[in-house]
Structure formats: structure tokens, C-alpha cells
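The values are calculated or read from the model by the stated rules, or taken from the named source; none is laboratory data. Nothing here was measured: the structure is a model prediction, and the numbers come from that model. Cβ atoms come from the backbone with ideal geometry, glycine included; neighbour counts cover every protein chain shown. These area figures cover heavy atoms from the full protein model, side chains too; ligands, DNA and RNA do not enter into them. Shrake-Rupley method; radii C 1.70, N 1.55, O 1.52, S 1.80 Å.
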Amino acid sequence: MGRYVARRLLQMIPVFLGSTMLVFAMMYALPGDPVRALAGEQTVDPAQIAAMKHKLGLDLPLWHQYWNYLTGLFHWDFGTEIASGRPVADTIADAFPITIRLALFAFLFTVIVGISMGVFAGLKADTLRDRGLLILTLLLISVPSFVLGFLGQYLFAFQLGWVDPNVSAEANWSELFLPAVVLGSLSLAYVARLTRTSVAENLRADYMRTAVAKGLPRRRVVGVHLMRNSMIPVVTFLGTDLGALLGGAVVTEGIFNVQGVGRAVFGALQHREGATVVGIVTLIVIVYLVTSLLVDLLYAVLDPRIRYA
Amino acid sequence: MTIIDKTADVPAPRGSNDESGPLLEVRDLHVEFHTRDGVAKAVNGVNYNVSAGETLAVLGESGSGKSVTAQAIMGILDMPPGRIPKGEILFRGQDMLKMSNEERRQIRGQKIAMIFQDALSSLNPVLSVGYQLGEMFRVHKGMSKKDAKAKAIALMDRVRIPAAKERINDYPHQFSGGMRQRIMIAMALALEPDLIIADEPTTALDVTVQAQVMDLLAELQRDFNMGLILITHDLGVVADVADKIAVMYAGRIVETAPVHEIYKRPAHPYTKGLLESIPRLDQKGQELYAIKGLPPNLLHVPSGCAFNPRCTMAQDICRTDIPALLPVTERDGTELVGRGSACHFWKETIHG
Ligand SMILES: Nc1ncnc2c1ncn2[C@@H]1O[C@H](COP(=O)(O)OP(=O)(O)O)[C@@H](O)[C@H]1O
Ligand code: SF4
Ligand SMILES: [Mg+2]
């Protein structure tokens with residue numbers, strides 16, 4: 001197990017390097033120039049721009065710029081924004097917690113509601129309530145989340161006035177409720193379906209018959225014997241899903257005007273603030289890698305038949 | 001017409017027994033499954049009984065309703081599609097089919113326990129064997145985790161699993177087939193039930209291990225003076241273990257007899273066929289006899305005697321009249337205690 005974790009951590013290094021390099025190169029290749037953009041409409045002396053670029057290290061070849069960026073990272077230096085002169089770390093520190101909060105909220109919603117719905121339907125497969133769930137999840141899967149977002153906003157904010165259409169800078173939990181539900185709805189549908197299928201399948205397993213034959217009360221047969229087995233595929237899905245929710249948060253943030261990384265990345269792309277984009281993407285990649293490792297480990301805890309070598 | 005539904009008291013049950021009346025009595029049990037294709041009549045009027053310390057072997061080809069009968073006794077039938085339209089299952093004189101769910105649950109595991117055929121799939125793959133054994137004590141006896149674990153280790157020792165203490169936290173897949181079946185046996189034995197139903201406990205095992213597991217089961221049954229219903233399709237394994245035999249065909253008991261008599265003188269053509277299909281050492285090399293034809297389709301059980309399409313002795317009456325399970329007697333009419341046959345021509349079969 002220890003060796004496995006060590007190997008997985010080592011494997012993260014090339015993934016980390018690859019993804020940062022890719023984003024770095026993409027920013028480099030984009031048309032537009034952050035330094036010239038500073039000047040706006042004014043004509044500026046090309047020599048002055050060149051001097052400025054030289055000062056910022058932007059005249060170096062790509063590989064050298066990347067190297068400088070990486071060495072900076074090792075000193076927890078994410079670079080500086082060109083226009084504002086503000087450390088990228090500050091921008092990240094402002095935006096990231098909000099997005100994490102939104103993604104976690106959506107995740108919790110997905111887990112609690114999705115699993116409950118799946119168990120509820122799976123225990124009585126092919127009944128009315130099972131069919132109902134099937135239709136509901138089909139709806140959630142086929143309607144794009146931004147449509148759902150605008151619909152929710154229209155209904156609950158503009159028509160019913162229950163919530164504010166925009167999330168304030170504090171982004172407290174109650175404000176994030178609607179965005180989280182919208183963000184989590186697609187995952188919710190998948191989790192509900194996966195749970196439903198898994199529960200219905202395990203319900204027919206031989207060990208369930210044994211559990212009943214042992215004279216265990218029903219809540220124990222279902223709560224321990226059925227659930228421990230049914231949750232294995234669901235947990236695997238949820239692990240990859242947490243990363244996807246972080247990414248999906250970017251779209252949802254746009255609709256509800258949440259001041260998270262979505263807005264930060266969008267702004268940085270417009271102003272060609274390469275360091276900001278690379279920094280945020282890197283962090284998302286790391287979160288993704290770490291959660292998927294945690295899930296793989298959790299998987300081994302849930303299913304003793306899995307061996308890590 | 002006397003229909004036999006009692007084969008009690010013969011032969012004398014093993015071990016001491018001061019209970020009066022059988023432990024378990026199944027009376028005219030019917031089970032049907034309502035499926036898309038129609039109603040499958042899996043059990044059609046089964047009668048049998050078991051006393052404390054007694055072993056009843058239930059025999060028959062696969063699909064004859066042995067497991068379904070056992071599941072009905074345990075109360076673990078899939079309902080729906082299963083249904084019990086008729087019958088009684090008396091445990092110590094009380095009809096379990098009339099009990100509440102909670103009353104039945106109290107009997108399961110504590111009074112009547114079951115051993116399944118495939119221990120690998122019948123044990124929960126993600127819970128340690130110690131947990132699954134200890135659960136019996138924790139749930140039924142309210143024991144602490146620690147006490148339950150100690151009990152579980154003792155149980156594993158009792159069924160002779162080597163290094164029980166070290167292996168208590170292992171998972172089912174880490175044991176061999178024979179050891180897994182011992183764990184199943186230990187689990188059934190945990191609360192020292194009055195009756196154990198073993199549904200083909202050795203079928204899934206290697207031939208070399210089969211005898212060991214069977215011996216263990218027989219030994220424990222003697223030591224605890226339990227009733228045992230041993231379901232099998234292998235006449236070979238029952239001779240040493242069982243006291244009496246009930247042969248099932250198409251959801252009915254077609255013959256009952258004390259174990260040794262049935263080998264000597266079967267009173268039903270189906271039993272005869274089964275006996276002739278046992279491989280025998282003295283007939284090595286000869287082609288094995290097999291009963292012709294297939295087991296009946298339970299959606300359309302043949303009219304009259306369900307065995308008639310496959311029976312070499314079948315006459316017209318076999319295709320119209322269902323033979324009742326009647327007492328079997330000697331040629332001169334002396335009663336053969338505990339024997340019965342559901343064949344119009346039982347006399348010809350046993351004496352002819
Ligand atoms: N859950 C079920 N649904 C539908 N039919 C069933 C079910 N369980 C058993 N049966 C039917 O009952 C018949 C008897 O099965 P079973 O008692 O398992 O036979 P065996 O004598 O081999 O143990 C089988 O032919 C099967 O088709
Ligand atoms: S009743 Fe007829 S068909 Fe049935 S076993 Fe006897 S002889 Fe054969
Ligand atoms: Mg069976």
C-alpha cells in the first residue's frame with residue numbers, strides 16, 4: 001500500500017509538468033500581447049515595450065520562461081499579474097475558496113440526494129418510483145446545465161424572488177444553494193442511476209439471501225450488507241466527479257456571477273495574463289490528481305478484493 | 001387412501017431425544033412462481049418432517065424443487081414472484097407461515113439455520129469472516145464487538161480452520177473452497193440452532209474436500225443433536241449420513257424411506273433410475289446409466305404422474321391419474337415403517 005501511494009505520487013510529477021507546460025504553451029501561442037495592451041490606444045515607443053518585456057522576462061524563449069515559472073513555483077511564487085502588478089497568489093487566494101465551496105456544496109448535494117434517490121428506486125426496481133427516477137434523471141442528463149441555470153435563476157430569483165440572482169462577493173452558503181444545485185444536477189443524475197443499478201443488482205446477490213437467512217433485521221441487511229457492496233462503483237464515480245465539478249463550476253459561476261476561479265480565468269484570458277491562467281489550471285489539476293488518488297485508496301478500503309502492488 | 005405425511009420415529013433418531021413430535025413438519029406445501037411465461041409450479045404438495053438429532057436427505061435432479069422447499073421453510077423465498085398458495089410449515093407444532101415477519105426473523109439463524117451451496121457468493125465479499133460470524137452474536141445476543149470476536153474465533157476453531165486467530169480478519173476470497181464452506185457451517189452453527197438446512201453443501205467443492213466437509217457436518221449434527229435437512233442430488237453422499245430419504249420429482253415427494261432400505265429395494269422407478277446412475281467401483285468401465293429425457297417443464301407439468309414421459313413402466317393410468325404417496329408394504333401386507341411411494345406400480349417396482 002505504501003509503495004503504491006509512493007508510486008502514484010511520483011506519477012503525478014509528469015502529469016503535473018505536462019499539464020502546466022501545455023497551458024503555458026497555449027498562452028504563449030495566443031494572439032495578443034499583455035504589455036502592449038497596457039498602453040491601450042496610445043502609440044508607445046517600441047523600445048520602451050521591449051525594455052518592459054525584458055524586465056518581465058517575456059522576451060526569453062518559451063522553454064526559459066517555463067523554467068523561470070517552475071523555479072518560482074518551488075518558492076510558492078505564482079508570478080505577478082502584468083497589468084495590476086498584483087501577485088497571482090492573491091488572485092488565487094481570493095477566487096479559489098469560493099469555487100471550492102461551490103463545488104463541495106454541489107458535491108454534497110450530489111452525494112446525499114443522488115444516493116438517496118438511487119437507493120429509494122433500486123430497492124423497488126421496475127416499479128412506478130423507479131420509472132419516475134429514470135425519467136427525472138434522463139431530463140437532467142439531456143438538458144444542458146446552463147439552461148438549467150438560467151431556468152432556475154428565472155424561476156427562483158426573478159419570478160418567485162426566493163433568492164438573489166447574483167451571488168455576492170462573500171458567497172455564503174445560502175447564496176450558493178441554487179448555483180450548487182444547478183452545478184450538481186448532472187452528477188446527481190449519474191449518481192442516482194448508478195446507485196439504483198448497483199442496489200438492484202446486489203439485491204439479488206447470494207450473500208443478501210444469506211444475510212436474511214441469518215435472521216438479521218432488514219435495516220441491517222440493507223444498511224450494512226447491501227450498501228457496503230452497492231457503494232463501490234458509486235464511490236469510484238464520485239472521485240472523478242469532484243474534479244469535474246470544479247471544472248463545471250466555471251460555467252455556473254458565469255450565470256450566477258460568482259466571484260470564483262471561473263471569472264478569474266475568464267478575465268485573465270481576456271487580458272493575456274498567462275501566469276494567472278497557468279496557476280489556476282495547475283491547482284485544479286493538482287486537486288484532481290489528489291482526489292483521484294484518495295478515491296483509489298478508499299476503493300481499496302471498500303473492496304478488499306482489490307490489491308495494490 | 002392413506003397419504004403418508006409422517007415417517008417419524010423410524011429409524012430411531014441419533015443421539016438422545018426427549019422431544020415429542022417432530023421438530024419440523026412440512027404439510028402439503030405448494031409454491032408457485034408467477035413469471036412472464038406463466039405460473040411455474042415448483043412445489044406441489046410436499047410433506048416431510050425432521051426430528052431432533054435426525055437427518056433427512058432430500059434427493060432429486062436439479063429443478064425438482066428441493067431448494068425452493070428449503071427457502072419456503074427459511075422464509076427467504078423471493079415473494080414476488082414466489083407465492084405459497086397452500087400448505088403449512090410447522091416448527092415445534094407452530095405454523096411459521098402464519099407468523100409475523102418479526103417472529104420468523106427470530107427463528108431464522110437462532111432456531112433454524114441454513115448452509116448454502118456456493119460459499120464464495122453466499123458470504124459477503126467485502127466483510128471479514130470474523131465480522132460475518134460475529135454478527136450472529138452481536139445481533140441476536142447483543143454481545144460486544146470484542147466478545148463476538150472471541151466467539152467467532154472459537155467457532156472457526158470448532159470447524160477446524162487452522163490458525164483461526166490469525167485469519168479472523170481475512171475476507172472470504174482469501175480462503176480455499178473447503179475452508180469457506182467450513183465458515184458457512186460455522187455461521188449456521190453459531191447460535192446452536194435446533195435445525196440446519198444444508199442445500200448441496202458439498203456440490204461446489206473438490207471431490208477430495210467433499211468427504212471432509214460432509215464428515216464435519218455429520219459430526220457437528222451429532223454433537224449438538226440437531227435436526228438436519230441435507231439437500232443433494234448425489235445419492236452417493238447420503239448413505240453414511242442420513243437416517244431417511246425423501247426423493248423429489250417435479251415438486252413432489254415421490255418416495256420416502258429409511259436410508260438403507262432405499263438402496264436395497266427402491267419402490268419408485270425414478271429412485272431406481274437415480275440409483276442406477278451412481279458410478280460404482282465394481283462396474284468400472286461400463287457405461288453409466290442415465291435416466292432418459294429431461295426434467296419436466298414446471299410451466300406444463302405432465303398430466304398424471306409427472307415422471308410418465310421418462311418412465312419405462314408407464315401405462316395409460318400414469319398419464320391420467322396422479323399417484324398419491326401411499327404406504328409401501330411387504331408382499332404379504334406387513335407394514336414397512338416409514339416407507340412410501342407415489343407410483344401406481346410400486347408393488348411391481350419393489351417386489352417385481
Ligand atoms: N426466484 C425464482 N423465480 C422463478 N422461478 C424460480 C425461482 N426460484 C426457483 N424457481 C423455479 O423453481 C424450480 C425449482 O427450483 P429449485 O428448488 O431451485 O430446484 P432444485 O431442486 O435444483 O433445488 C426451478 O425450475 C425454477 O425454475
Ligand atoms: S406412476 Fe407410472 S409413470 Fe409414474 S413412476 Fe409409476 S409407473 Fe412410472
Ligand atoms: Mg437447488
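Within region A:194-215, the residues that become at least 30 Å² less accessible when every protein chain is included than when their own chain is isolated (1.4 Å probe; DNA, RNA and ligands ignored) are A:D206, A:Y207, A:R209, A:T210, A:V212, A:A213, A:K214, A:G215. Per-residue accessible area (protein heavy atoms, 1.4 Å probe) orders A:H271, B:H140 as A:H271, B:H140, starting from the largest. Interface burial in region B:79-112 reaches 20 Å² or more for B:R105, B:R108, comparing the full protein assembly with the chain by itself; accessible area from heavy atoms with a 1.4 Å probe.
Given +1 at the Cβ of Lys and Arg, -1 at the Cβ of Asp and Glu and no other charges, the dipole of the protein assembly as shown around its Cα centre is 380 debye to the nearest 20. Think of it as helices only: each DSSP H run of n ≥ 4 in chain A is worth -39500 (n - 2.57), and spread over all residues that comes to -23500 deg cm²/dmol at 222 nm. Under a 5 Å amide H cut-off, with hydrogens placed 1.01 Å from N, B:R339 pairs with B:V328 among residues at least 5 apart or on other chains.
With 31 Å as the limit, the listed pairs A:K214/B:K244; B:K145/B:K244; B:K141/B:K244; B:K86/B:K111; A:K214/B:K41; B:K41/B:K141 have B:K145/B:K244; B:K141/B:K244; B:K41/B:K141 beyond it between alpha carbons. Counting, for every residue in B:120-130, the Cβ atoms of other protein chains within 10 Å of its Cβ and taking the mean gives 5. Dipole magnitude for region A:89-302: computed about the Cα centre from +1 point charges on Lys and Arg Cβ and -1 point charges on Asp and Glu Cβ, it is near 1200 debye.
Sorting A:T43, A:T195, A:T127 by accessible area puts them as A:T43, A:T127, A:T195; the probe is 1.4 Å, largest comes first, and only protein heavy atoms count. Normalised per residue, the accessible area of chain B is 45 Å², obtained with a 1.4 Å probe and no contribution from ligands, DNA or RNA.
Take region A:182-234 with all the other protein chains still there, run a 1.4 Å probe, and you get 35 Å² of accessible area per residue. Among the residues of B:24-33, the average count of other protein chain beta-carbon atoms within 10 Å of the residue beta-carbon is 0.
Report D for region A:2-83 in µm² per second (integer): Stokes-Einstein, Kirkwood Rh on Cα pairs, 4 °C, 1.567 mPa s. For these conditions, the coefficient is 86 µm²/s.
Of all alpha-carbon pairs in region A:89-302, indicate the percentage at a distance above 24 angstrom. Here the long-distance tail beyond 24 Å is 50 percent of all Cα pairs in region A:89-302. The C-alpha radius of gyration of chain B, expressed as a fraction of 2.2 N^0.38 Å, stands at 1.01. Overall dimensions of region B:112-183, expressed as equivalent-ellipsoid semi-axes from the Cα gyration tensor (√(5λ), whole Å, largest first), are 18, 14, 11.
The 1.4 Å probe gives accessible areas that order B:Y270, B:Y171, largest first, as B:Y171, B:Y270. Dividing the convex hull volume of the alpha carbon atoms of region A:53-156 by its residue count gives 207 Å³ per residue.
Counting only protein heavy atoms and a probe of 1.4 Å, the accessible surface of chain B is 50% carbon and sulfur. When nucleic acids and ligands are ignored and a 1.4 Å probe is applied, B:E32 ends up with an accessible area of around 30 Å². Could you tell me what % of all Cα pairs in the protein assembly as shown have separations over 32 Å? Of all Cα-Cα pairs in the protein assembly as shown, 63 percent lie more than 32 Å apart. Of the trypsin sites (Lys or Arg not before Pro) in region B:119-164, the ones in a loop by DSSP (not H, G, I, E or B) with at most 14 other beta carbons within 10 Å are B:R160.
Would you please calculate the Kirkwood hydrodynamic radius of region B:284-352 over all C-alpha pairs and express it in Å, rounded to one decimal? Result for region B:284-352 stands at 13.9 Å. Taken across both chains, chains B and A shield about 2100 Å² of accessible surface from a 1.4 Å probe. With the charge dipole of region B:23-242 set up from +1 on Lys and Arg Cβ and -1 on Asp and Glu Cβ about the Cα centre, the Cα lying farthest toward the positive end among the listed residues B:M187, B:Q110, B:A148 is that of B:A148.
Can you tell me the orientation of helix B:145-158 relative to chain B, as the angle in degrees between its alpha-carbon axis and the longest Cα principal axis, to the nearest 10? Approximately 50 degrees, to the nearest 10.
Dividing the helix sum by the residues of chain B, where each DSSP H run of 4 or more adds -39500 (n - 2.57), gives a mean residue ellipticity at 222 nm of -8500 deg cm²/dmol. Note on region A:39-155: with neighbouring protein chains present and a 1.4 Å probe, carbon and sulfur make up 70 percent of its accessible heavy-atom surface. Amide H contacts of B:T55 (H built 1.01 Å from N, in plane; Pro and chain starts excluded): B:R14, B:L228, B:D243, B:K244 sit under 5 Å, all sequence-distant by 5 or more or on other chains.
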